[in-house]
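A short reminder: the numbers here are calculations on the coordinates, not readings from a lab. Not measured: the values here are computed from a predicted model. Cβ: placed from backbone, ideal geometry, glycine included. Neighbour counts: every protein chain shown.
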Amino acid sequence: MKKRKQMKKFLAAAFCGILLAGSLSGCKVAVSDEAKSESAENTQTAKGEGEEEQSQAIVKYGTELTNLNLDGTLHGQYEGQTLTVPVMSGDFEKAVSAVAPIFEELSGAKVVIESIPGEQYTDKVQLDLNNTHKYDVVLSPIAILHSFAIAGKVEPLEELIQTYAGESYDIDDFLPGLFQTYGYYDGKLVAIPYKPDVMLLFYRKDLFEDEAVKAAYQEKYGEELKVPETNEEMVQVAEFFTKSQNPDSPVDYGYCAMMLKGSTRLLFFNRGGDDIDENLKPNMNNGEGIKAMNLILDLQKSAPKEWVQMGWDEANQFFANGNAAMMEQWPGLWLTCQAEGSAVKDKVGVAVAPGNTPTLGGWGASIASESQNKELAWKFIEFMTSKDGELLKIENTMDPCRASTYEIPQVQDSSELYEALMESFNYAKTLADVDVPYISSKLCDVMETYIQQAMEGSITPEEAVSGMEKEFTTEIENLELE
Amino acid sequence: MKSMKKKRILQSIGLGAAFLVLGVLFIFPLYWTVITSFKTSSQVFVEKPVLILDTLYLDNYIEIFQKSHVMTFFKNSLLIAGGTTLLSLILASMAGFGLCRYGFKGKKTLQNSILIIRMIPALVYTIPYYIIYNKLHLLDTLAGLIMSYISFALPMAIWLAISFFLDIPSEIYESAEIDGCSEFKMYTRIALPLVKAGLAVIAILVFVGAWNEFGLALVLQSSDAKKTLPIGIASMVQTHKDTPSGSLAAAGVLAMIPAVILSMATQKYIVKGTMAGAVKG
């Protein structure tokens, strides 16, 4: 009996083993060419860095970084001091970790970098600013920094700049719109732009340049096919590239975006809708707001039905698989399009989002008001956002915030995004997160809910913007802001 | 007679099919994670999912071992989950033994209050822990996290221990007493060996709970040197950039290993232990 049981056990285990082995059988074990080339690249970079170290000069994008010591204001005088900087894991962590050792060497201070998972980043930073006061520098999305500013959790920067900044630290060199929107809140300078972000239009260059496609468009609409610049042009081009509306379309859909709840308001802003005005009054229940809602409904006809379930990864992959002719997205989509295995590699062009009202995102750097090392914290921010510091962060996907950086030819050549990015910053005014202190995410949720209801058809565009206005008014009044 | 046999065969086939469906439901996500961990980044997001691989690419494992602190997180998780399990077992078995063996005033209230603590969601304690630990300089320490995990694990562990100790007939204690056995020896030499299977159940529940815990570790730990594996894995999920799904799966496979080994090693006791709980009147 016992033997029989053991035999059964053995057979069961063997069956499972055979199943697993079967599924993986005949498998070679290998390292892909992608990984090999990456590893070779890393080795080259390391070697390059070593060489740079030997010659005591760092050269980035053809520019020798001669002012990393910030006009001689960093000379090891912070020996024994420690600076704690929270960063979101991923690219922010890489970018800050890459510059921290250089800063440590020049300043004598120790930089402790604490990486926090993205989804929980703001909560954890807030917890520290309210309780433990361990963090000195605060890197955060702009609307969140503005909330911190009004709560007195971050320090006004003007005086620190006047007292401690190196003489060549040029705040007028930051892209003007960016510096004003990111930096100032309630009349005070509370942040320095660190990572700019703006929604861009990604389009299939190969389709827009295809002679047969162009001829078909000319025949259908009596005008030339071009990358859309206005909202109306975009709706028409999207319709042309949608199989259900044009069976000859080379792709299934004309338009795609991430429309999972949490991202829909971005499309509303891109189409000219607004959230609040400069006096914190709701500003969406007007002609522009209703028009923006109607344009979203028009674009919906040319988008995949499942777009309301598409978050960052799903929507990007949908476009990278070659299913849509156009997509509006943050600059990060570029990496997905150019990745190995992407069906649209080297086939994508980038332009300003049609309508010239792209949503503005981005991160800034501030100093915690309870920091015990404010001077050192400022020097670190100054270091990261100086002209030389900008060149150090670019290769970790932190795009430049300074006009002079964009003017460097090697920087311009380093990314096909930069031209559109620069132009977009001139137009972008509405921040991705509703810029009302304390209740930013609540108000974002309000917008999301109404936009999604209108997309479902359960309310009209007029009802959607009017509903948003009512809820915004109540919530903002309840805040009793001075 | 024939129809009875036919019925029985049909029943067996039906049952077998049901188990097969259930098995696939449980095993497929694990299988999917394992094969995803051996895919290249270009194989992960494809419209027609690849179910069987020709080549097992080690890229993701190389990535997580070379470019992340995954081994540090793994070591920390092992220390924290192991420490929590060991200390919880000692405390819970002592408490369970005491609550079964001795009668005292307020015993019922004490037992019930342990249960009530268990009913409060763990998240409620997070901020108070953060503030208290900050004052005690226990933030970002392994010992601090172990202490908090023990406080969460103990109510359940004690209640389970009570149910296992109650199964021991009082006559055994009486004979030991007559033989001159001290109370401590009664606990270590007589009671503990008899509830070995139950302790295995408690151990695995506490270990898996501590191994997978996320919320408290996120708030209480901050430096990479003290983070646990769930925090490390969550850090791989990117915002506004593609998440490296292959590396995420590789880290997931790594995270499964200790729990799987522990479950396999203690399987015999788990069956006995759960049965012991089930027949208790």
Using a Förster radius of 41 Å, what is the FRET efficiency between A:D186 and A:L297 based on their Cβ-Cβ separation? Nearest 0.05, please. 0.65
Summing -39500 (n - 2.57) over every DSSP H run of at least 4 in chain B, dividing by its residue total and rounding to the nearest 500, the 222 nm mean residue ellipticity is -24500 deg cm²/dmol
At R0 = 30 Å the Cβ-Cβ FRET efficiency linking A:Q410 and A:E340, nearest 0.05, sits at 0.75
Which helices, taking whole DSSP H runs in chain B, have alpha carbons extending 27 angstrom or more along the helix axis plus mean Kyte-Doolittle at least 1.0? B:70-101, B:142-166, B:245-265
The lysines whose Cα lies under 29 Å from the Cα of B:K268, excluding any fewer than 8 residues away in the same chain, are A:K2, A:K3, A:K5, A:K8, A:K9, B:K75, B:K185, B:K196, B:K280
Could you calculate the FRET efficiency of B:V124 with A:V59 from 1/(1 + (r/R0)^6), where r is the beta carbon distance between them and R0 is 51 Å, rounded to 0.05? 0.40
Suppose every K and R has +1 on its Cβ and every D and E has -1 on its Cβ; what is the size of the dipole of chain A about the Cα centre, in Debye to the nearest 20? 3060 debye
Which of the lysines could a cross-linker span from A:K226 if the Cα-Cα distance has to be under 21 Å and same-chain partners fewer than 8 positions apart are dropped? A:K205, A:K214, A:K243, A:K301, A:K345, A:K347
With an 8 Å Cα cut-off and a minimum separation of 6 or more residues, compute the relative contact order for chain A in percent. 22 percent
Cα centroid separation, the stretch A:320-398 to the stretch A:57-79 (Å): 24 Å
Alpha carbon centroid spacing (whole Å) that separates the stretch A:197-237 from the stretch B:43-92: 46 Å
Say we join alpha carbon atoms closer than 10 Å with springs in a Gaussian network model of chain B; which of B:L78, B:L262, B:L136 then has the biggest fluctuation? B:L136
Where does each of B:54-66, B:116-128 land if you order them by average Cβ count within 10 Å, highest first? B:54-66, B:116-128
Quick calc: nm separation of the 7 Å Cα→Cβ label points for A:E104 and A:K470 -> 5.7 nm
Please compute the net charge surrounding B:D179, taking Lys and Arg as +1 and Asp and Glu as -1 over other residues with Cβ under 14 Å from its Cβ. -2
Please list, in chain and number order, the residues 5+ apart from A:L83 or on another chain whose amide H is under 5 Å from its amide H, with Hs placed from the backbone. A:K110, A:V111, A:V112
Could you pull out every residue, at least 5 positions away or on a different chain, whose amide H is within less than 5 Å of the one on B:T141? Hs are placed 1.01 Å off N in the peptide plane, and Pro or chain starts have none. none
Under 14 Å from the Cβ of A:K291, count the other residues' Cβ atoms, weight Lys and Arg +1, Asp and Glu -1, and hand me the total. -4
With the contact rule set at Cα under 8 Å and sequence spacing of 6 or more, what percent relative contact order holds for the stretch A:209-260? 20 percent
With A:L65 itself left out, Lys, Arg at +1 and Asp, Glu at -1 over residues whose Cβ is under 9 Å from its Cβ give 0
Gained length - A:E278 relative to A:S458, 0.36 nm times residue gap less alpha-carbon distance: 61.7 nm
Label model pair A:E288, A:Y427: point-to-point distance (7 angstrom along the Cα→beta-carbon line) in nm is 1.3 nm
Give me B:M147, A:M468 sorted ascending by neighbouring Cβ count inside 10 Å, so fewest comes first. B:M147, A:M468
If I stretch the segment between A:D71 and A:Q162 completely, what's the gain in nm (0.36 nm per residue apart, minus their alpha carbon distance), one decimal? 31.3 nm
Per chain A, sqrt(5λ) over the Cα gyration tensor eigenvalues, sorted largest first, in Å, gives 38, 34, 27
Inside 10 Å of the C-beta atoms of A:330-343, what's the mean count of C-beta atoms belonging to other chains? 3
Going highest first, how would you order A:235-245, A:62-72, B:228-238 by mean Cβ packing within 10 Å? B:228-238, A:235-245, A:62-72
Per-residue Cβ contact counts at 10 Å, fewest first, order A:D399, A:D252 as A:D252, A:D399
Ranked by Cβ crowding within 10 angstrom, fewest neighbours first, how are A:R402, B:R101 ordered? B:R101, A:R402
Enumerate the helices in chain A for which the Kyte-Doolittle hydropathy averages 0.0 or more and the C-alpha atoms extend at least 30 Å along the helix's axis, using complete DSSP H runs. A:2-24
